[in-house]
Every structure is written in C-alpha cells, then in structure tokens.
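The values are calculated or read from the model by the stated rules, or taken from the named source; none is laboratory data. Because the structure is predicted, anything quoted here is derived from the model rather than measured. In this analysis, Cβ positions are derived from the backbone assuming ideal geometry, glycine residues included, and neighbour counts consider all displayed protein chains.
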Amino acid sequence: MIGLVVEIRKANEAIIRERHPIPTVEDVLQELNRNAYFSELNFRSEYYQIELEENSRNITTFVTLQGLSRYKRLFFGVNSAIEKFQNIIEQVFSGMEGVRNISDNMTVLGKDEEEYDRRLESELERLAQVDLKLNKEKCKFRQTVMWCLSGIRFLRKKLASIPRERTPCLKQENTYSTRNKVVPGTL
C-alpha cells in the first residue's frame with residue numbers, strides 16, 4: 001500500500017466550506033443514559049467512501065512523476081471533510097431512532113435487547129443500501145459499558161447520576177468540570 005501526501009493548502013483556500021455542526025459527547029449523554037445496550041461502530045476509511053462530484057475534482061489536481069492526477073473521493077486534509085461527512089451520515093440515518101454518530105463513530109442504542117437488535121438491524125440494512133462500509137475490527141456489539149470518544153468510559157450507573165448534578169454556577173466550576181471530562185483516570 002502506498003501512502004500519498006499532497007499539499008492542499010491552496011486547494012483549501014479555494015474550497016467553499018460547507019459549515020455543519022459536529023455533535024459533542026455532551027450532545028449524546030442524555031440519550032446514552034436512557035439505554036442499556038450499545039454498539040460502537042467505526043467507518044472504514046470514512047472520507048474515501050464519499051465520491052466527489054465531477055466539477056469538484058479539478059481543484060484536487062496534483063503533480064506526480066506520471067503527470068497530473070486528481071482525487072475522485074473525499075480525502076483527509078480537505079478543510080470541510082469532517083463536516084461534509086457528518087452531514088452525509090446524518091442524512092443517511094435521518095429519522096432512525098437510537099442511532100447517533102460523531103464523525104466516523106456510530107453508536108446504536110437500545111433500552112433492552114429486543115429494541116437494540118431491531119435498531120442495529122435497521123442501521124446495518126441502511127448502511128448496505130447506501131454502500132457504506134464499516135471497519136469490522138473496530139466495531140463492538142451488544143455492549144453494556146461504552147467507551148466514547150477521548151477514552152471516556154460511560155457506565156450505566158454513573159450515567160444515571162448525571163441529570164441530578166447541579167449546573168455549575170461559577171465560572172471556575174464550569175472550567176473544572178469541562179477539563180475533568182478529558183483527564184484520564186478521573187471518571
């Protein structure tokens with residue numbers, strides 16, 4: 001396998017960036033709290049699964065020893081790649097309950113085994129319909145403990161206590177609680 005490195009700063013300057021909000025862990029905490037079963041699914045080469053429109057390919061042109069080449073698929077380094085991918089995934093799974101994603105990480109949630117199985121089957125069918133591939137080695141199914149982004153581990157009993165905590169009133173408290181979420185070993 002050959003790794004290709006392409007300087008795309010000039011291309012990024014010319015790309016009209018499509019802004020799209022990226023969910024945070026906090027955005028999904030409430031939904032995680034209401035469920036007992038989880039799947040952690042990871043897309044294989046997420047950006048490369050998205051084909052560029054014909055009129056967008058020329059901006060990705062680069063020089064090789066064999067002449068000019070250009071990308072046919074979205075690639076890492078494009079300034080709006082993560083936002084574009086997030087938007088596409090949200091559209092693909094629009095209307096499906098218990099399915100959340102943050103970038104290339106998908107989560108399927110269920111309150112009980114039956115609901116979880118039904119949601120997982122629906123999600124996998126939808127992936128097959130749109131020809132999106134998963135990295136099977138990184139996928140975890142039917143989990144009751146979940147690691148979610150940045151190595152934060154969610155245990156159901158700890159998640160249950162989150163809504164009862166008071167909202168920080170002082171600036172210092174809020175700063176500490178934000179920092180505390182990413183410090184290893186503090187959860």
Study note, to complete from the structure: the stretch 1-118: strands (runs of 3 or more DSSP E) wholly inside it with 2 or more residues that are closer than 21 Å to LEU134 by Cα are 37-42, 99-102, 105-110
Review point. Are any of the residues in the stretch 85-102 of a type in the set (D, E, K, R), modelled with pLDDT under 90, surrounded by 14 or more Cβ atoms within 10 Å (Cβ to Cβ) and under 18 Å from the mean Cα position of the chain (by Cα)?
Key: yes
Practice item. Please identify the pairs in which a residue from the stretch 102-118 that is among the basic types (Lys, Arg) has its Cβ atom under 9 Å from the Cβ atom of a residue that is not in a helix (DSSP H, G or I), counting only partners at least 6 apart or on another chain. Key: LYS111/ARG34; LYS111/ASN35; LYS111/ALA36; LYS111/TYR37; LYS111/GLY98; ARG118/GLY98; ARG118/GLY110
Exercise for review: State all residues of the stretch 115-154 that are of a type in the set (Ser, Thr, Tyr) and either at pLDDT 95 or above or under 17 Å from ILE102 (Cα atoms) (or both); if no residue qualifies, say none.
Suggested key: TYR116, SER122, SER150
Exercise for review: Determine which member of the set GLN143, GLN129 is loosely packed, with under 13 Cβ neighbours inside 10 Å and not charged (D, E, K, R).
Suggested key: GLN129
Check your understanding: Residues of the stretch 42-84 being touching a strand residue (DSSP E or B) at 6+ places or on another chain (Cβ under 7 Å), surrounded by 16 or more Cβ atoms within 10 Å (Cβ to Cβ) and among the small types (Gly, Ala, Ser), which ones?
Key -> none
Point to revise | Every pair of residues 6+ apart whose Cβ atoms lie under 8 Å, when the first sits in the stretch 59-81 and is closer than 15 Å to TYR48 by Cα while the second is aliphatic (A, V, I, L, M) and assigned to a helix (DSSP H, G or I) | key: THR60/ALA11; LEU74/ALA81; PHE75/ALA81; VAL78/ALA11
Exercise for review: Six or more apart or on different chains, Cβ under 7 Å: which pairs go from a residue in the stretch 1-20 that's surrounded by 13 or more Cβ atoms within 10 Å (Cβ to Cβ) to one that's charged (D, E, K, R)? Could you list them?
Suggested key: HIS20/GLU83
